[in-house]
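Structure first, then comments.
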Amino acid sequence: MSGVPAAVTIVVHAPEETTALAAWLGEALVAGDLLLLEGGLGAGKTAFVQGLAKGLGLTGAVKSPTYTLVHEHRASLPGRPGLGHLDLYRMPEGRDLGDLGLDDLLARGAVAVEWGGRLARREPDALRVAIEGPDPDAPPGRRRIAFAGRGARARALVARVEAYAARTASP
Ligand SMILES: Nc1ncnc2c1ncn2[C@@H]1O[C@H](COP(=O)(O)OP(=O)(O)OP(=O)(O)O)[C@@H](O)[C@H]1O
Ligand SMILES: [Mg+2]
């Protein structure tokens, strides 16, 4: 496995574009995939997870799990993974994600973690998704979404985002 991280950045202009991009990624997710989401309050992390769920064919509503830390959306289609959704914004200092059952969630599905930078343990194979915005000097729906990772699965997902960018690029 190469030590050079793979990375790609996409600029979107509306929540629907964030959801569409995330749904495209969600279609490709497999059990064990871990996405660590970063971005300030209201950046669109939960909106991104809603798109992932849509791409996975999960029909239940995705809400922010802020008060519970963990939501699990069990697979509804045979052979497709479920989705674990964590939000570490209010996670007590020093608590390890082992306590939250991360390994069990990864065994059953893909997992997306809001405020993923707060993970105590290192996750070298994770795909990092950093959402920048809103920017007071830019249109309100504009976000820069940067994807990066080193592990084999993260690299494959970065390549899928690159394919999305190529598909949606204006001629
Ligand atoms: N391009 C965009 N992508 C995502 N959300 C957008 C975009 N443009 C505007 N929005 C709006 O920004 C808000 C994003 O809210 P969301 O709950 O997804 O943010 P969050 O990053 O999860 O915040 P928190 O840190 O509070 O969990 C929504 O109201 C959404 O409609
Ligand atoms: Mg959120």
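The values are calculated or read from the model by the stated rules, or taken from the named source; none is laboratory data. Predicted, not measured: the structure shown is a model, and the values here were computed from it. Because the Cβ atoms are built from the backbone with ideal geometry, glycine has one as well, and the counts that use them run over all protein chains shown.
General observations
- Test: residue in segment 60-72 that is within 27 Å of ALA6 (Cβ to Cβ), hydrophobic (A, V, I, L, M, F, W, C) and without any contact (Cβ under 8 Å) to a residue 40 or more places away in the chain: yes
- Looking only at residues of segment 112-135 that are within 15 Å of ligand 2 (Cβ to nearest atom) and more than 20 Å from ALA7 (Cβ to Cβ), we find that the one that is surrounded by the most Cβ atoms within 10 Å (Cβ to Cβ) is GLU114.
- Test: GLY98 is touching a residue at least 12 places away in the same chain (Cβ under 8 Å), part of a helix (DSSP H, G or I), away from ligand 1 (no atom under 11 Å from the Cβ) and out of contact with any strand residue (DSSP E or B) (no Cβ under 8 Å at 6 or more places or on another chain): yes
- Of everything in segment 149-171 that is surrounded by fewer than 18 Cβ atoms within 10 Å (Cβ to Cβ) and of a type in the set (A, V, I, L, M, F, W, C), the residue that is modelled with the lowest pLDDT is ALA169.
- Screening PRO65, PRO78, PRO92 for residues that are at pLDDT below 95, assigned to a loop (DSSP other than H, G, I, E, B), within 14 Å of ligand 1 (Cβ to nearest atom) and surrounded by fewer than 21 Cβ atoms within 10 Å (Cβ to Cβ) leaves exactly one candidate, PRO65.
- Residue list for segment 116-143, restricted to those being out of contact with any strand residue (DSSP E or B) (no Cβ under 9 Å at 6 or more places or on another chain), of a type in the set (Gly, Ala, Ser) and closer than 19 Å to TYR89 by Cα: ALA120
- Taking the criterion of being of a type in the set (Lys, Arg) and within 13 Å of ligand 1 (Cβ to nearest atom), the only residue of segment 41-62 that qualifies is LYS45.
- Residue list for segment 1-58, restricted to those being among the acidic types (Asp, Glu) and either outside any helix (DSSP H, G or I) or touching a Ser or Thr at 6+ places or on another chain (Cβ under 7 Å) (or both): GLU27, ASP33, GLU38
Matching residues to (1) over 20 Å from ALA165 (Cα atoms); (2) out of contact with any Gly (no Cβ under 7 Å at 6 or more places or on another chain); (3) touching a residue at least 60 places away in the same chain (Cβ under 8 Å); (4) loosely packed, with under 15 Cβ neighbours inside 10 Å:
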site: PRO5; (1), (2), (3), (4): no, no, yes, yes
site: VAL8; (1), (2), (3), (4): no, yes, yes, no
site: ALA31; (1), (2), (3), (4): yes, no, yes, no
site: GLY39; (1), (2), (3), (4): yes, yes, yes, no
site: GLY42; (1), (2), (3), (4): yes, yes, yes, yes
